[in-house]
Amino acid sequence: MTIQECYQKLGGEFAQVEKRLPSVSLVRKFVIKFLDDASFSELCHAMQDGNRAEAFRAAHTLKGVSANLGFSRLLTSAGALTELLRAETETIPEDAAALLEEVKRDYELTVSAIRAYLESEDQPK
Amino acid sequence: MVQKKHVLIVEDNELNRAILGEILSSDYQVLEAENGQEALEVLRHHKDSIALILLDVMMPVMDGYAFLDRIKADKELSLIPVIVMTQSDGEEDEVSALAHGATDFVPKPYRPQVILHRVASLIKLRETAAMVNQFQYDRLTGLYSKEFFYQKVREQLLENPEEDYCIVCSNIENFKLVNDIFGQEAGDRLLKEVAGITQSMVGDTGFCGHLGADRFLCLQKREQERQDRLNFGSFPEQEVSPLLKSVVMRWGIYEITDRSVPVEQMCDRALLAANSIKGQYNQFFAVYDESLRDKLLREQVITDAMEPALAEEQFVVYFQPKYSLNDDCMAGAEALVRWDHPEWGFMSPGEFIPLFEKNGFIPRMDQYVWEKVCRQLRDWQEGGISRCSGLCECIPGGCVPGKSGGYVPGAYPKVRRGPRVSASGDHGERLCGKPRADHQHGGGAAEAGLHH
């Protein structure tokens, strides 16, 4: 699997990212690093805890990272959740749960695509 | 190898930090901090080397705005440019960032070329500002430099059309002597001390500049300046160094009435006023008025005319007879010089002798008068007027160097053709009692003698 194919799988825009970062190997490096990124798990925890402010911050960060890496699909759902959580309310709005599910779905898609890409790299051609 | 400049990235997300770091590492040395608190720590150790800060707004443990507020409050840190990384959520973020004192913002997703360009130009801007700062302030005294002082005066006048101001120019009498005798270091220390005192005298209501060497300029509100003059001498005993106690300062004041005059000229006038009391005992202030300017113009006109006047023999020597009461007869004469100018008419020595002493024309004048006198003496002798033994008269400053009290006729070769002139005790008269070098003070004595 090439990295372009990986991007296709996760619903991302490789061409965009390639323009932004100095080299393909760097793109690859950061894509792999995404697997270690904590924002998604932080988001889930915050949502569980009912902490709106934290959830907002985590969603916001996830959105930013997705934007940087060109993960358009994840960017969209994370963005939607971010906007919903932006309003400074005491508790998490009810609609947030549904949006969270979308984020979870897109996140899983993204991560599995990256993992598949990694595995295909390890396999001898 | 030129060291790369340091840039501090303050961002809590590791991935973002890595990406940013990667973008910048080609051109800069990257320092990282996870949140505002950490960033402050890093700044504490590296504040002199960090050229720019890239700041994420959303961070736990001191968010971006709180961090911004903190560094803007610190005198040194506030000078470091800050670029805030915003997410294109709308204008709010950006406006907030700028309102909190951020220098610029860059939206996410990161666009490497844009970031690099913005970082470079902000760093350059700050370096230029630092350089300009150097030109604005005089390095030795910390007061405004000349050009910047002029600029500040212009601004002040523009912003306060109703207020009355004046320019005060001060200089130290014989400052060169101080440098010569005590050395340049002492001279510099003296200047710093004077600058400090001047600044404290002016206070907040005006400002001061260092014009160069021993000259200082101040802008003061007119009322304040007048008050200062009244209170002069009654200042509380300040801790001044012995060196400062032994110098004399003069102040020239130009009261700004005509704002169409260029500031440089206003300062020149104040300087003129200060110079007009140079060497005068117990005179420390002088206020510029039009007569000073007229005097200067007149002096220039005379200076321009002196050479041709000499060539055209416009200077006329008159002989004033002297009568001896003891002997009951004419005892001699005194040679006096007058300038008969074709246009200006008769000019008394008081108008030009001090000026010639000042500008060094006087020896030529001396020589001229000597010749005239000697020729006249020869004429008289040939004409049979007896007892024309000698007449000595000395034009101040024109004494031929030799022992004081005597002079060498031979110094003027032309004179040899005339009669021998000797200094004789009875008929002799010294008008200039002071040594040659002291031309300035000779002026007074000469006037007294020549005005008989």
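Please state the shape class of the range B:245-347: rounded when a/c is under 1.5, otherwise prolate if a/b exceeds b/c and oblate if not, all from the C-alpha gyration tensor. Oblate is the answer for the range B:245-347, as a/c is 1.5 or above yet b/c matches or exceeds a/b. Other residues lying with their Cβ under 13 Å from the Cβ of A:ALA46 contribute a combined charge of -1, Lys and Arg counting +1, Asp and Glu -1.
Specify which residue in the list B:HIS45, A:THR110, B:LEU211 is farthest towards the positive end of the charge dipole of the protein assembly as shown, using unit charges on the beta carbon of Lys, Arg (+1) and Asp, Glu (-1), about the Cα centre. Farthest towards the positive pole: B:LEU211.
The dipole here belongs to the range B:38-190: it is taken about the Cα centre, uses +1 on the Cβ of Lys and Arg and -1 on the Cβ of Asp and Glu, and is about 580 debye.
Assuming 0.692 mPa s and 37 °C, estimate D for the range B:6-136 with Stokes-Einstein, Rh taken as the Kirkwood radius over Cα pairs, in µm²/s. Each step should come with its number before you reach the end.
On the way: Rh = 14.7 Å.
It comes out at roughly 224 µm²/s.
Dividing the helix sum by the residues of the protein assembly as shown, where each DSSP H run of 4 or more adds -39500 (n - 2.57), gives a mean residue ellipticity at 222 nm of -16500 deg cm²/dmol. Across the protein assembly as shown, Cα-Cα distances exceeding 39 Å account for 59% of all pairs. Comparing the full protein assembly with the isolated chain (1.4 Å probe, heavy atoms, ligands and nucleic acids excluded), the residues of the range A:23-39 losing at least 50 square angstrom of accessible area are A:PHE30, A:LYS33.
The heavy atoms of B:ARG111 offer some 110 square angstrom of accessible surface to a 1.4 angstrom probe. Taking A:GLY11, A:GLY50, A:GLY70 as the candidate residues, the one with maximal mean-square fluctuation in a Gaussian network model of chain A, Cα springs under 10 Å, is A:GLY50. Within the shell of other residues whose beta carbon sits under 11 angstrom from the beta carbon of B:CYS267, the net charge comes to +1, with Lys and Arg scored +1 and Asp and Glu -1. The fraction of all Cα pairs in the range A:3-122 landing in successive 10 Å bins from 0 to the largest distance is 14, 45, 27, 12, 1, given as whole percents. For the chain pair B and A, the interface hides roughly 1800 square angstrom of accessible area in total, found with a 1.4 Å probe. Take the residue pairs B:LYS47/B:LYS75; B:LYS146/B:LYS295; B:LYS322/B:LYS372; B:LYS72/B:LYS192; B:LYS295/B:LYS358 and return only those whose Cα atoms are more than 21 Å apart. From the list (B:LYS47/B:LYS75; B:LYS146/B:LYS295; B:LYS322/B:LYS372; B:LYS72/B:LYS192; B:LYS295/B:LYS358), the Cα-Cα distance tops 21 Å for B:LYS146/B:LYS295; B:LYS72/B:LYS192.
Remark: the B:GLN381-B:LYS47 segment gains 111.0 nm on full extension, using 0.36 nm per residue and subtracting the alpha carbon distance. Only beta bridges with both residues in the protein assembly as shown are counted; by DSSP, about 60 percent of them are antiparallel. Name the shape class, rounded, prolate or oblate, that the alpha-carbon gyration tensor gives for the range B:220-296, where a ≥ b ≥ c are the square roots of its eigenvalues, rounded holds for a/c under 1.5, and otherwise prolate holds if a/b is larger than b/c and oblate otherwise. Because a/c hits 1.5 or more and a/b exceeds b/c, the range B:220-296 counts as prolate. Volume per residue of the convex hull around the Cα atoms, evaluated for the range B:61-172, comes out as 169 Å³. The charge dipole of the protein assembly as shown, taken about the Cα centre with unit charges on the Cβ atoms of Lys, Arg (+1) and Asp, Glu (-1), comes to about 2780 debye, rounded to the nearest 20. A cut-off under 14 angstrom between Cβ atoms defines the neighbours of B:ASP340, and their net charge, with Lys, Arg +1 and Asp, Glu -1, is -2. The simple Förster model, with R0 at 35 Å and r as the Cβ-Cβ distance, assigns B:ASN282 and B:ASN359 a FRET efficiency of 0.85. In percent, rounded to a whole number, the relative contact order of the range B:228-322 is 24, using alpha-carbon pairs under 8 Å and six or more apart. For the range B:110-232, list log₁₀ I(q)/I(0) at each q in 0.19 Å⁻¹, using the Debye formula over Cα point scatterers of equal strength and ignoring solvent, two decimals each. Listed by q, the Debye log ratios stand at -1.04. Once the Cβ-Cβ distance of B:ALA120 and B:ASP340 is raised to the sixth power relative to R0 = 56 Å, the FRET efficiency obtained is 0.15. Given points 7 Å out from each Cα along the Cα-Cβ axis, report the B:ARG259 to B:VAL61 separation in nanometres with one decimal. Distance between the two pseudo-spin positions: 5.7 nm.
The values are calculated or read from the model by the stated rules, or taken from the named source; none is laboratory data. Predicted, not measured: the structure shown is a model, and the values here were computed from it. Backbone-built Cβ (ideal geometry, glycine too); neighbour counts: all protein chains shown. Only protein heavy atoms, including side chains, enter the accessible area calculation; ligands, DNA and RNA are left aside. Shrake-Rupley method; radii C 1.70, N 1.55, O 1.52, S 1.80 Å.
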